[in-house]
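Q: One structure is given below, represented as structure tokens, and several questions about it will come after.
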Amino acid sequence: MFTGLVQAVGEVSALRRRGRGARLALRAPLPGGPLELGESVAVDGTCLTVTARVRGGFEADLSEETLARTTAGSWRKGRRVNLERALTPSTRMGGHFVQGHVDGRGRIRSLSPRSGQTTLRVEAPAALRHLIVEKGSIAVDGVSLTVSSLGTAWFEAALVPHTLTATTLSDRRPGDLVNLEVDLIARYLEGLLGKRRSR
């Protein structure tokens, strides 16, 4: 479990295909001491397991499902990625509960600077649109954001200068794909109501 508050920006060292999966190597300047084997780290909002520790970073295996559902399959050497270690009981909960289980990919429509903030507009996949609500939370590449406006096929979020400085959202451009994770509560409500309707 994560908060969506990015702790560091890392960099992809390599992405090597292995059958239907892949092995990802990252430079990861994360706080909190050495990473442990088996530890969970959110990489651009995707929960990955540390399978090897290397100098200055770690490696993780990417399953076929991860490559199909997230943007990870397109990552190349040098790409900057948002990083966050898993929650501990003493962590301040400044964002929202983020599992690192990406629901799908969105596409950036625009980034519009306006008086002290930048408005991010993202086209959401049809299968997720009913789970996104105005003033609700959503994780974009692992960054916890509040939905400020909602259209039939898109949502907007305001990015303050700190968010642009501390995350990779400043690297993104219109047309780029981003990982989306809808709010955990919306996902569970959909499951419960869906079961009730099917009775």
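Read the figures in this text as sums done on the coordinates, not as results from a lab. The shown structure was predicted, so the numbers you read here are calculated from the model rather than taken from an experiment. Cβ coordinates were reconstructed from backbone atoms using ideal geometry, including for glycine residues, and neighbour counts include every protein chain displayed.
Q: Report, in degrees rounded to the nearest 10, the 0 to 90 angle that the Cα long axis of helix 184-197 makes with the longest principal axis of the chain.
A: In the chain, helix 184-197 runs at an angle near 60 degrees to the longest axis.
Q: Continuing with this model, one more query. For VAL6, enumerate residues with amide H under 5 Å from its amide H, sequence gap 5+ or separate chain, H modeled in the peptide plane.
A: Amide H neighbours of VAL6: SER144.
Q: Hey, fewest Cβ within 10 Å first, where do HIS101, HIS96, HIS130 land in order?
A: HIS130, HIS101, HIS96
Q: For the stretch 95-101, just list the computed ³J(HN,Hα) in residue order, Karplus coefficients 6.51, -1.76 and 1.60, θ = phi - 60°, integers in Hz, with x standing in for Gly and Pro.
A: x, 9, 5, 10, 8, x, 9
Q: Out of these labelled values of Rg and Dmax of the Cα atoms in Å, (i) 16.6, 54; (ii) 17.2, 58; (iii) 16.3, 57, which was calculated from the coordinates shown here?
A: Checking each listed value against the structure points to (i).
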